[in-house]
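The block underneath contains the structure these notes are about, expressed in structure tokens.
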Amino acid sequence: MMMRCLQGLPARHLIRDSRVEAAARSAVTVATSHLMFGGDFELEKSVSKDLPSRDLLQAIGGRSPLAPGVRRQLRSFQSDPTAFGIIFKNTPMGNLPLEGGIGKESIESKLALCSLVHELATPVGYEELRRDGSVSRDFFKSIYTGMSEDKSTYLNDYTHKDSDRVFGWHTENLVHPFMPRYVALLCLRPDVMKKVETLFLPANDLACRVSSSSLAILTQKRFALKAEPSFRLQGEASSDTISELMPVLKRTHDGSWHLYVDSVFLGAADGDCKAKAALEELLEVAEQCIVPVKLEAGDLIIWDNLRASHDARHKNGAGRWLMRMQGYSDLVSPFLGAQCMAPSFVTESTCEPNVLNFQSLERTIPSRPYHMEAAPRSSTLQA
């Protein structure tokens with residue numbers, strides 16, 4: 001049901017400007033966002049043996065192994081502007097270690113994750129730094145929280161040491177010219193204490209609750225983004241910032257909202273006090289809009305990277321093992337500079353399987369997504 005939401009914060013937070021407030025007031029007509037439940041995840045086809053990633057996607061490109069019901073649910077999610085994500089239960093995961101450190105992902109789990117993303121977009125991965133300083137080129141990205149900090153696979157925590165948040169609110173790979181439209185996580189193993197939550201911040205709900213004066217400011221290109229450490233592949237300085245300014249919220253043609261945010265690496269342009277106050281209000285209001293999800297083994301969730309940002313809560317969730325894949329569908333970067341870039345393939349034996357080469361938005365932030373294309377039907381899938 002469509003509803004008009006003009007709920008704001010107390011007067012001390014408001015930035016009074018009658019012109020921008022009037023413009024925003026007519027725009028805030030959205031529906032409350034929700035996470036869809038897709039039921040049990042089912043595959044109609046399996047693979048006869050473990051396959052390299054390239055061969056696996058070729059098999060999926062020939063004929064989708066997803067059950068018709070799963071495909072219908074995914075299409076329903078994709079076409080519903082009020083749904084920011086969809087979650088499935090009981091995903092087949094094959095034989096995995098039940099405890100201890102990270103192990104080898106099974107072909108069943110890879111097939112499930114890749115098939116899901118492939119239904120909505122082109123599966124992609126991104127070069128990024130590991131904790132040990134090496135560069136990850138994983139198509140299937142394992143995210144593991146170890147018993148100690150040095151055993152975790154992600155680079156580091158970006159929030160204050162006293163915070164229970166892990167990364168801060170962020171749109172996945174926002175700094176990347178070819179940022180993904182979809183992000184999918186398969187929970188292979190929950191944390192030992194079973195208390196870690198994946199948090200979502202729906203754009204529609206946020207636009208409803210922020211004051212109309214701040215909303216108008218947040219839709220303007222008045223904010224600057226720094227590259228997060230995982231994309232500083234050549235050791236770039238932390239001061240490196242994309243020179244082009246960007247908006248935080250954008251209204252779409254159907255009246256829903258897209259969100260471009262990073263609570264750690266995004267800030268107002270220098271000297272823009274109104275933009276700074278508007279962003280502070282947004283982050284305060286965000287705490288009223290949280291949708292928490294506690295993933296269990298076999299849970300498979302995919303969300304629209306523009307309809308919701310995300311974070312994780314509880315830093316000491318030792319033993320948690322997720323597998324991630326991302327989907328690129330079109331050019332969705334908030335930076336106009338990205339529209340001038342034409343990616344091309346490069347060949348590197350260390351990449352899996354193809355790498356898109358490009359000049360980044362700033363030459364000081366080099367990074368490349370690598371990308372697998374659908375291929376003709378293969379006989380690898382078994383009934």
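Computed from the coordinates by the stated procedures, all read-outs in this text should not be read as laboratory data. Fair warning: this is a prediction, and the values are worked out from it, not measured in the lab.
If amide H atoms are built 1.01 Å from N in the plane of the peptide, which residues on other chains or at least 5 residues away come under 5 Å of the amide H of Val124?
Answer set, sorted by chain and number: Gln326, Gly327, Tyr328.
Taking square-rooted eigenvalues a ≥ b ≥ c of the alpha carbon gyration tensor, is region 244-328 rounded, prolate or oblate, where a/c under 1.5 means rounded and, failing that, a/b exceeding b/c means prolate?
prolate
Which of the pairs Lys195/Lys226; Lys45/Lys195; Lys104/Lys226; Lys45/Lys89; Lys89/Lys194; Lys141/Lys276 have their Cα atoms more than 24 Å apart in this structure? Mind showing how you got there, number by number?
Details: Lys195/Lys226 31 Å; Lys45/Lys195 34 Å; Lys104/Lys226 34 Å; Lys45/Lys89 18 Å; Lys89/Lys194 17 Å; Lys141/Lys276 35 Å.
Too far apart for the 24 Å limit: Lys195/Lys226; Lys45/Lys195; Lys104/Lys226; Lys141/Lys276.
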